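The values are calculated or read from the model by the stated rules, or taken from the named source; none is laboratory data. Since this is a predicted model, take the numbers as computed values, not measurements. Virtual Cβ from ideal backbone geometry, glycine too; neighbours counted across all protein chains shown. Accessible surface is based on the protein model in full, side chains and every heavy atom, while ligands, DNA and RNA are left aside. Shrake-Rupley method; radii C 1.70, N 1.55, O 1.52, S 1.80 Å.
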Amino acid sequence: MIAKVRQHLSQNEALLFERSSPGKTGYQLPDLDVPDVDAAEALGAENVRAEIEGFPEVSEVEAIRHFTRISTWNYAIDHGMYPLGSCTMKYNPRINELVARIEGLAWAHPYQPESLAQGCMEVMVRLEAALAEITGMDAVTLQPCAGAQGELTGILLIRALLEKRGNPRKKILIPDSAHGTNPATATVAGYAIQNVKSSEAGVLDVSALEKIVDQDVAALMVTNPNTLGVFEENIIHVAEILHAKGAMLYMDGANMNALVGIARPGDFGVDVLHLNLHKTFSTPHGGGGPGAGPVAVKKALEPFLPIPRIRQAGKRLAYDYKRKHSIGRVRAFYGNFGVLVRALAYILAHGGPGLRNATVDAVMNAVYIRKGLEAYYDLPYPAPNMHEVVFSDDRQKKHGVSTGDLAKRLIDYGFHPYTVSFPLIVHGALMIEPTETESKLELDQFIEAMISIAKEVEADPQMVKGAPYGTRTSRVDEVTAARKPVLRWKPA
Ligand SMILES: *Cc1c(COP(=O)(O)O)cnc(C)c1O
């Protein structure tokens with residue numbers, strides 16, 4: 001009887017703790033051929049870890065199978081399209097991994113003497129130069145290890161410069177379409193936030209901005225193209241308004257996948273921006289694992305960059321820690337070095353024209369999806385989009401089906417959901433970013449799936465609200481999971 005067959009391969013994987021039985025090990029050591037020594041006596045009791053209660057004891061093959069099976073439950077960019085808007089889930093070319101595994105790079109240690117780290121230092125110098133050229137900025141720090149940390153670094157740089165000029169000021173202006181990390185950054189950096197409303201077209205309202213920029217404003221933080229995927233066409237004018245009042249323009253560069261090789265923020269008035277190497281420059285992300293959020297600045301901000309900087313000392317490269325105006329360190333050592341290697345590999349493998357092509361493809365793919373779906377889904381901001389497109393669930397809502405329901409149904413069609421309910425200025429948002437990775441075939445399948453779901457909503461909304469049906473678990477109780485999380489397994 002099929003129903004009774006234990007679907008052990010992918011369906012009912014037990015916790016490793018539940019597989020454990022006392023005394024089982026994953027290794028065998030030969031008998032001791034030296035005198036037995038008490039570890040606590042030899043190393044000092046404080047250096048010897050006590051037994052961990054309930055620690056799983058399994059064989060090697062059990063450990064391997066357990067984690068390999070679980071890994072197949074994860075959806076990944078190597079499985080298929082991952083259209084998570086704002087996140088730029090692009091394919092990570094294997095050449096990046098090959099280069100990151102070169103022994104001298106993979107095994108480099110941050111305490112290695114400078115004379116033995118010249119190659120690694122050159123990787124960083126070259127990457128800084130490449131990013132400066134791509135962004136049109138004067139200097140770059142690679143230290144921040146995420147976009148959000150890049151933001152904080154950038155705003156601290158602005159604060160340091162304004163302080164040196166005599167007044168750090170009080171406020172940061174943030175458009176209503178911003179990513180949540182922007183207001184969080186401004187607050188952590190000690191600034192008050194003032195919200196700026198977008199215009200009907202979904203871009204900054206220049207006349208409204210003109211009225212609120214005064215001597216209290218330290219900076220405007222703007223994402224460009226913004227989170228609607230729309231280019232801020234007045235950006236040069238915006239920069240002029242800020243600069244005339246002694247304020248600065250911070251650009252959240254998480255959406256650089258729409259600009260690389262086409263337009264440079266440094267050329268349209270930006271003073272500071274961060275990049276997300278794990279988005280635009282293809283280093284793996286999505287598992288919370290290491291990223292990098294380099295910060296690029298104009299000349300006036302360079303003296304404040306985190307230490308150490310790398311400088312040329314004769315024929316050698318040297319770390320420079322003696323920088324009077326530096327805001328100090330923002331991260332141990334030099335940042336997430338392995339991520340930096342992958343980003344440089346990506347840039348060099350593409351070359352200038354290749355990077356530009358990637359941008360053109362990313363924009364074309366998003367426009368293709370928009371054209372394919374605009375007859376079926378409501379498009380609240382019809383301004384031309386770049387690398388992503390944001391629909392709303394207005395039409396489906398009439399049948400009681402929300403963006404979250406549509407996203408869960410998409411799982412049954414074999415796609416990772418798009419970004420749900422962000423940006424906040426679009427009610428019930430469906431935020432779709434295909435990136436340049438996808439072929440026309442894959443895009444057509446995605447469009448077909450979304451059209452099919454729109455039709456299902458008309459025919460049987462209750463069915464859609466029960467999705468997904470093809471997964472190991474269907475709907476989980478998100479409220480209880482958030483309010484009463486179980487983070488620790490307790491031995492029975
Ligand atoms: C992803 C993202 C961030 C934050 O970057 P992290 O690396 O996740 O900290 C900030 N702003 C925008 C617009 C983003 O898309």
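Structure summary
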{"read-out": "Value of D in µm² per second that Stokes-Einstein yields for segment 388-469, Kirkwood Rh from Cα pairs, at 25 °C (0.890 mPa s)", "value": "191"}
{"read-out": "Set of aspartates and glutamates near Lys397 by C-alpha distance (under 19 Å), chain-local residues within fewer than 8 positions excluded", "value": "Glu374, Asp378, Asp405, Glu456, Glu458, Asp460"}
{"read-out": "P(r) histogram, all alpha-carbon pairs of the chain included - 10 Å bins from 0, percent", "value": "4, 16, 24, 24, 19, 10, 4, 1, 0"}
{"read-out": "Percent antiparallel among DSSP beta bridges (both partners in the chain, rounded to 5)", "value": "55"}
{"read-out": "In nm, spacing of pseudo-spin labels at Asp33 and Tyr111 (7 Å Cα→C-beta vector)", "value": "3.2"}
{"read-out": "In order through segment 149-161: 3J(HN,Hα) via Karplus (6.51 cos²θ - 1.76 cosθ + 1.60), integer Hz, x for Gly, Pro", "value": "6, x, 4, 4, 4, x, 6, 5, 5, 4, 4, 4, 5"}
{"read-out": "Surface/4 estimate of mean projected area, convex hull on alpha-carbon atoms of segment 143-280, nm²", "value": "7.7"}
{"read-out": "Potential extension, Glu103-Ala349 segment - 0.36 nm per residue separation minus Cα distance", "value": "86.6 nm"}
{"read-out": "Residue order for Ile235, Ile327 - accessible surface, 1.4 angstrom probe, largest first", "value": "Ile327, Ile235"}
{"read-out": "For segment 353-481, accessible area per residue (1.4 Å probe, heavy atoms of protein chains only), Å²", "value": "45"}
{"read-out": "At R0 = 56 Å, FRET efficiency that the Cβ-Cβ distance of Gln215 and Ala375 yields, to 0.05", "value": "0.65"}
{"read-out": "Aspartates and glutamates whose Cα lies under 12 Å from that of Lys299, excluding same-chain neighbours fewer than 8 positions away", "value": "Asp138, Asp271"}
{"read-out": "Average silhouette area of segment 94-348, convex hull of alpha-carbon atoms, in square nanometres", "value": "13.6"}
{"read-out": "Carbon plus sulfur fraction of accessible area for the chain, probe 1.4 Å, in percent", "value": "56"}
{"read-out": "Rg/Rg_globular for segment 297-373, with Rg_globular taken as 2.2 N^0.38 Å and Rg from C-alpha atoms", "value": "1.65"}
{"read-out": "Per-peptide average of other Cβ atoms within 10 Å, ordering 305-315, 193-203, 477-487 highest first", "value": "193-203, 305-315, 477-487"}
{"read-out": "Computed P(r) (all Cα pairs; segment 13-77; 5 Å bins; percent)", "value": "3, 13, 16, 15, 16, 14, 10, 6, 4, 2, 0"}
{"read-out": "Segment 16-165, Rg to Rh (Cα coordinates; Rh as Kirkwood inverse mean 1/r)", "value": "1.10"}
{"read-out": "Histogram of C-alpha separations across segment 247-288, 5 Å bin width, %", "value": "5, 23, 27, 23, 11, 8, 3, 0"}
{"read-out": "In sequence order, calculated HN-Hα J values of segment 16-22 (Karplus, 6.51, -1.76, 1.60; Hz; x Gly/Pro)", "value": "4, 4, 6, 7, 5, 9, x"}
{"read-out": "Gyration tensor verdict on segment 201-337 (Cα atoms; rounded if a/c is under 1.5, prolate if a/b is larger than b/c, oblate otherwise)", "value": "oblate"}
